[in-house]
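Scroll down for the structure; my scribbles are underneath it.
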Amino acid sequence: MRSFLIYFFIAALFSIQVAGYVPELSPSLPASEPEVRIGLVRGANSVSITSRGSSLRVTELNSSPIETGVNALSVTTGSYSAPKMGIYRFKIKGIETREEADDLAAQIITETGESVSISSDVDEADTETWVISFRAEKESKADSDAFVALLSEKGFPNVAVDVEDYTSPSDDSILLSKQMMANPKSQVRSLSPYVETPREIPQKPAGELPSLPRRNMNAAINGSLREVVVSGRGFARRLESLRAVTIEPINPNDLIYLNGKAYRGKMEVFVAGNGRVTAVNVVPMEAYLLGVVPSELSLPQIEAQKAQAVAARTYAVANRNGYLVEGFDMLPTVWSQVYKGVSIETKMGTQAVRETAGVVASYKGKPINALYTSTCGGRTENSGNIYEFDEPYLRGVDCALEGHRHFSPFLIKTNREPALIRSESNYQYVRLASRYAVNGFLFATARFDDDYFEDAPTEIELRSWLNQLAAKFGRPFPVVEHESSKPLKLARLLHLLIYDAGTEVAGETLMSESDINYQLSFLDAGEVPSEDRIILAQLLRDGWFSIYGDLTIKPAKHYSRAKILGIIDNIYNKKKWDFAFDTGTAEPTEDGKLILKSGRSSTEITVNPNAFLFRKFGDSFYQVKEAALVGGEKIRYKRDAGGAAIYIEVEPSDETTVAENMSPFTTWRTNLSATTLRARLSRYVKGMGALIDLRVKSRGVSKRVTELEIVTTNGVHSLKGGAIRSALRLREQLFVMDKRFGSDGRVASVNFTGRGWGHGIGMCQYGAYGLAKMGVKYDEILTHYYTGVDLVKTY
């Protein structure tokens, strides 16, 4: 099913629609490459057919070709009239006596050698005269005039001429009249092998048929016959034919242009039911597909386009003669398959067609009716719930692979093992420590666990942490030793970093012993030496330090890493210091790289093999070893010196994760007033009365609405299957309704929230694209969407 018209008209590129007429499937798979007949123009006053290479050849059905010598022809139609003919008979009238008649007859025989007969003639006055009738008859006025002149030269000037007029319809006009009578519903008004005829259309000899006397004399024909008329500047003759006419370049490799648009193959023209011109592109199947695949699915994934090529080929095989009543197989629109000729052809589309040449999807030895839809809304539907046919291979399926496999192509991964935490209170420090670790803080472990956070930091770790603080405060690096992780030693070092010179003296001066005792009113405050009391009191008063949850400080015990890290983070927060993290929105991951949207472009970032990776679950972030980025996730990250992402936080998207999630029609909303609803529904529900309510009566396997009840003042009516979408004019019928009622209890408006675009049957084109991006091959894409089918290379 792209390259796309923004966004409303994209359905014309991606979705086969099914008309009311469902053609009978072809009985078998083709043994050789078939031709496809596409009705490009129907009922036009005229068409222009040209070639920019070799000159054009014109061939009437079952006739020898005519080399026109020109590369531009015009085709129109004209009325057919049977040739008018005459039988000329000769007499000499008014001879008074039989004896005179006998003498004159003898003279005629002697002088001319013509045979004659004598008869009597009685006029209104009962006067008898005699008539000499010549047995010779002529078939044209010229021959008649010459014969009369000859008789006059021989001395017989008073020859009267009687003419019997008649028509002489051609064999083709008689056969076409019979064809039209035998097939009154056919819209083909030229002799054609695609219309049942009373007998085989005969081979037409080269050149003009001679006008034979009394040929088909006064034979009955249809009075509305029209001929195909082919003409062109430089074309030595004007071709008028009651047969279908084929026009093609002499060089079969040259393109042919219909009204300026290029196509492969040849053009067949004939008279349509309205008496005007129908032009049909007759083209080999594989050449036809070159103009279909990019029109239907131009998304840049070769396996998706190969799946589209097989689906389009299969649909064309199964629906041959789908428009037989009009003289062709397919339309170039969404009513069959969108076909745009040479102008739409692409390198990838051509590759897809050629690499799948002859491959057709079959079910029990017959080609399937390979319907496909633009965007299936996350899952397809059983065909019988939308249309009158219920095919076993058109079953509802999820637009996703099973389980974890669906997300594996989108994973970013790290070699770093996730934290092993049993105590819920310690988990907050995992993300905290990771953020500090990528900003210069040393953590002497490859994996965070409870023991690590509950133990005291090493001297090297604490020195790293406090040196980072000193740099932020603009202070000299403090002297750190093993005992520095004990609370009072730590408080002394933090006091030197946080407060300006002289602050300690100011504290002694301005804080009374009562103030100090007030700040140090925890349980073991008596164990704090006098020289540390003022320092600790200031830190606690100003919120720079903390004690244990049991209201103790335990001066002799080392603070744990978690405790010290919490104090440092508190300092950063109070100072409103923040680390430099970048943010962005993810696009689907490819090859394990982080791909972020940047305006209309994207940035690709390699992930450090030992990166810190976090994913949000609920309201909290948890360290993980891998995370799937299907697109739309909010990302917070930091790069290392080499530009690789060393820290990544993933906030999942609330958008769908199905394979089609890149479609702009995954979710849509439409609000319709009761007036609009009634106007639309009344075309499908006769005599419905005033609208009271809409109710969903049933849903299919995909949760599409399969029966809709319409409650009106004239009773309850229902719509079923695809008529629901058609009547409401919605993108899809996978929707829910939010109804607003008026004070009279009747529905005033309905807000439809839905997913998808199209009929929702068969292959999802955006889903095929998504699966292809995940590395799924075309054959698996097809067997995923078409249940139980076989892929057969038929030629």
> Among (1) modelled with pLDDT under 95; (2) more than 30 Å from THR59 (Cβ to Cβ); (3) open to solvent by less than 20 Å² (accessible area, probe 1.4 Å), where does SER168 come up short?
Replying inline: (2)
> Has segment 647-670 got at least one residue that is farther than 30 Å from GLY599 by Cβ and acidic (Asp, Glu)?
Replying inline: no
> If you go through segment 433-454 one residue at a time, do you hit one that is open to solvent by 40 Å² or more (accessible area, probe 1.4 Å) and within 37 Å of the chain's Cα centre (by Cα)?
Replying inline: no
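For segment 676-694, does any single residue satisfy the condition of being of a type in the set (Gly, Ala, Ser) and surrounded by 19 or more Cβ atoms within 10 Å (Cβ to Cβ)? Show your work before the answer.
Restricting attention to segment 676-694, the residues satisfying the condition of being of a type in the set (Gly, Ala, Ser) are 679, 682, 687, 689-690.
Then keep just the ones that are surrounded by 19 or more Cβ atoms within 10 Å (Cβ to Cβ); that gives none.
Among the residues of segment 676-694, not one is of a type in the set (Gly, Ala, Ser) and surrounded by 19 or more Cβ atoms within 10 Å (Cβ to Cβ), which makes the answer no.
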> Does segment 702-721 contain any residue that is assigned to a loop (DSSP other than H, G, I, E, B), modelled with pLDDT of 95 or more, within 27 Å of MET348 (Cβ to Cβ) and over 18 Å from the mean Cα position of the chain (by Cα)?
Replying inline: no
> Quick one: in segment 716-736, which of the residues that are open to solvent by 30 Å² or more (accessible area, probe 1.4 Å) and of a type in the set (Val, Ile, Thr) is nearest to ARG680 (Cα to Cα)?
Replying inline: VAL716
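Mind listing whichever residues of segment 646-689 are under 22 Å from SER408 (Cα atoms), part of a loop (DSSP other than H, G, I, E, B) and touching a strand residue (DSSP E or B) at 6+ places or on another chain (Cβ under 9 Å)?
PRO652, SER653, THR657, VAL658, ALA659, GLU660, SER663, THR666
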> Do you know which residues across segment 146-189 are charged (D, E, K, R), more than 30 Å from ARG276 (Cβ to Cβ) and assigned to a loop (DSSP other than H, G, I, E, B)?
Replying inline: LYS154
> Do you know which residues across segment 296-333 are in a loop (DSSP other than H, G, I, E, B) and either small (Gly, Ala, Ser) or farther than 25 Å from GLU660 by Cα (or both)?
Replying inline: SER298, ASN319, ARG320, ASN321, GLY322, GLY327, ASP329, LEU331, PRO332
>> Among the numbered criteria (1) out of contact with any strand residue (DSSP E or B) (no Cβ under 6 Å at 6 or more places or on another chain); (2) surrounded by 15 or more Cβ atoms within 10 Å (Cβ to Cβ); (3) not in a loop (DSSP other than H, G, I, E, B), which one does ALA400 miss?
In response: (3)
> Just to be sure, is ARG264 over 30 Å from PRO184 (Cα atoms) and either open to solvent by 10 Å² or more (accessible area, probe 1.4 Å) or modelled with pLDDT under 95 (or both)?
Replying inline: yes
> Restricting attention to segment 755-795, and to residues there that are in a helix (DSSP H, G or I) and in contact with a strand residue (DSSP E or B) (Cβ under 7 Å, 6 or more places away or on another chain), which single residue is most open to solvent (accessible area, probe 1.4 Å)?
Replying inline: ASP779
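Suppose we filter ALA287, ALA312, ALA279, ALA272 for residues that are at pLDDT 95 or above and over 19 Å from THR246 (Cβ atoms); which single one remains?
Values: ALA287 fails: over 19 Å from THR246 (Cβ atoms); ALA279 fails: over 19 Å from THR246 (Cβ atoms); ALA272 fails: over 19 Å from THR246 (Cβ atoms).
That would be ALA312, the only listed residue that is at pLDDT 95 or above and over 19 Å from THR246 (Cβ atoms).
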>> For segment 65-84, give me the residue count where each residue is closer than 27 Å to ASN222 by Cβ, open to solvent by 60 Å² or more (accessible area, probe 1.4 Å) and of a type in the set (S, T, N, Q).
In response: 2
> What single numbered condition from (1) modelled with pLDDT under 95; (2) part of a helix (DSSP H, G or I); (3) under 30 Å from VAL630 (Cα atoms) fails to hold for TYR429?
Replying inline: (1)
> ASN216 fails exactly one of the following numbered conditions: (1) over 22 Å from ARG52 (Cα atoms); (2) in contact with a Ser or Thr (Cβ under 7 Å, 6 or more places away or on another chain); (3) of a type outside the set (Ser, Thr, Tyr); (4) open to solvent by 60 Å² or more (accessible area, probe 1.4 Å). What is the number of that condition?
Replying inline: (4)
>> So TYR257 passes all but one of these: (1) in contact with a Phe, Trp or Tyr (Cβ under 9 Å, 6 or more places away or on another chain); (2) assigned to a loop (DSSP other than H, G, I, E, B); (3) hydroxyl-bearing (Ser, Thr, Tyr). Which condition number does it fail?
In response: (2)
> Looking only at segment 40-76, which residues are in a strand (DSSP E or B) and touching an Asp or Glu at 6+ places or on another chain (Cβ under 6 Å)?
Replying inline: ARG57
> For residues in segment 113-148 being open to solvent by less than 40 Å² (accessible area, probe 1.4 Å) and under 23 Å from GLU96 (Cβ atoms), which is nearest to the chain's Cα centre (by Cα)?
Replying inline: VAL148
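In segment 353-373, what residues are open to solvent by 10 Å² or more (accessible area, probe 1.4 Å) and part of a strand (DSSP E or B)? Don't jump to the end; show me each part of the working.
The initial filter retains those residues of segment 353-373 that are open to solvent by 10 Å² or more (accessible area, probe 1.4 Å), namely 354-355, 357, 359, 363-366, 369.
Residues satisfying the conditions are VAL359, TYR363, LYS366.
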>> Where the second residue is in a helix (DSSP H, G or I) and the first is of a type in the set (D, E, K, R) and lies in segment 713-736, which pairs have Cβ atoms under 7 Å and are six or more apart or on separate chains?
In response: ARG729/ARG680; GLU732/ARG725
>> Return the pair list, or none, for Cβ contacts closer than 7 Å from residues in segment 766-783 that are within 18 Å of ARG379 (Cα to Cα) to residues that are acidic (Asp, Glu) and open to solvent by 10 Å² or more (accessible area, probe 1.4 Å), at least 6 apart or on different chains.
In response: ALA772/GLU303; VAL776/GLU303; ILE781/GLU303
>> Go through (1) part of a loop (DSSP other than H, G, I, E, B); (2) surrounded by fewer than 24 Cβ atoms within 10 Å (Cβ to Cβ); (3) at pLDDT 95 or above for GLN337 and report which single condition fails.
In response: (2)
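The values are calculated or read from the model by the stated rules, or taken from the named source; none is laboratory data. The structure displayed is predicted, hence computed values, not measured ones. Neighbour counts are summed over all protein chains in view; Cβ atoms, including those assigned to glycine, are modelled from backbone coordinates with ideal geometry. Just the protein is used for accessible areas: all its heavy atoms, side chains included, with ligands, DNA and RNA removed. Shrake-Rupley method; radii C 1.70, N 1.55, O 1.52, S 1.80 Å.
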